[in-house]
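Report on the following structure.
Read-outs throughout are calculated quantities, based only on the coordinates presented, and are distinct from any laboratory measurement. In this text the structure is predicted, and so the values were computed from the model without any measurement. All Cβ positions, even for glycine, are placed from backbone atoms using ideal geometry, and neighbour counts span all protein chains on display.
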Amino acid sequence: MDMVNVDFELFNYDPQIDFHGVKTLLRQLFDTDAQLFDLSGLSDLIVEQNTIGSTCKVDDKANDAYAFLTVLNASEHRAKQPVAQLIEYLSDRAKASGAPALAEKVPEVLASDKAVVGLVLAERLLNMPAEVIPPMWSMMIDEIEAAVEDKEPYEFTYYLVVSRAYLEVASALDEQRKQKKARGEGGVLQFFHPEDEEMGKFAAAKGTYAFVKEDEAVADSKRAFQEMGVKPQGYMMLIEAGRFQGAVDAVKEFVGSPF
């Protein structure tokens, strides 16, 4: 077996370089519902906030990001269209999730004048090794702590982590599994980001939700998912600020890190 050595590097956001790479990863994160958002406006907000969060790249800063991580202050930016859209969407999807705690807590804290919610957005290419992720989380926590010391608006009471999961359902290529589905079997939840399962143990509320536009999926990639018995879903976790460091530490222990 041939081995290929790849060096991953973390960078702060550069508005002149990272707009398109972040926008592409946001489109992947929100899947079929990406069309509901002003992704250009959201990407602008992320890359302009270049002291919080990071991108992960190979070879050079000028390349597109293979992964990104950021947190946006929902209260600070709620008057801006991209964040207002995201807040409304996450509230609606939480209510429709079927998870009682998620349906109650997420709309409540997003609408509260007292709660300060950090909207955490993270995504990476599907073939990225999970080991590059813990350093991104650790770096972001350090950056948030430094920003709070400088009296910047990052003293959160909650973090709402937006991610993705999928259900193992009847495959279009497997007649037997289709028969199981007809009997009500199957539907095993899996995670595109394996660390989400560990982080979810620290959440005050968590759960999956169906994409609003899932029935409109016609792209080749969506058909490929369906043929392989994979049904993508949104996934979110609401974590109290006091437990967030513990969640990140658990991710580091679970995934490990080459850094």
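List of remarks:
- The modelled label-to-label distance between D113 and E253, using points 7 Å beyond Cα along the C-beta direction, is 4.1 nm.
- Cα-projected label distance for H20 with V230, points at 7 Å along beta-carbon direction, nm: 2.6
- Working note: Karplus 6.51/-1.76/1.60 with θ = phi - 60° gives region 233-248 the couplings 9, x, 9, 9, 9, 9, 10, 5, 4, x, 9, 5, 4, x, 5, 5 Hz, where Gly and Pro are set to x.
- Farthest positive-ward along region 8-255 dipole, Cα basis, beta-carbon charges - from Y159, V188, G118: V188
- Potential lengthening between A96 and N127 on full extension [0.36 nm per residue; Cα-Cα distance subtracted]: 8.1 nm
- For Q233, distant residues with modelled amide H under 5 Å away: A165, Y166, L167
- Quarter of the Cα convex hull surface for region 8-255, i.e. its orientation-mean projected area (nm²): 13.5
- In this simple spin-label approximation, R78 and D7 carry label points 7 Å from Cα along the Cα→Cβ vector, and these lie 4.6 nm apart.
- Each residue in T32, T51 was given a count of other beta-carbon atoms within 10 angstrom of its own, and listing them fewest first yields T51, T32.
- Per-residue HN-Hα couplings for region 109-115 [Karplus 6.51, -1.76, 1.60; θ = phi - 60°; Hz; x = Gly/Pro]: 6, 5, 8, 6, 7, 8, 6
- Here the gap between E168 and K201, fully extended at 0.36 nm per residue and compared with their Cα-Cα distance, gives a gain of 9.7 nm.
- Couplings for region 144-154, taken from phi via the Karplus curve 6.51 cos²θ - 1.76 cosθ + 1.60 with θ = phi - 60°, read 5, 4, 5, 5, 5, 4, 8, 6, 8, x, 10 Hz in order; Gly and Pro are left as x.
- Close amide H pairs (under 5 Å, H built 1.01 Å from N) link A205 with L238, residues at least 5 positions away or on another chain.
- Fewest neighbouring Cβ atoms within 10 Å first, the residues K213, K23, K206 line up as K213, K23, K206.
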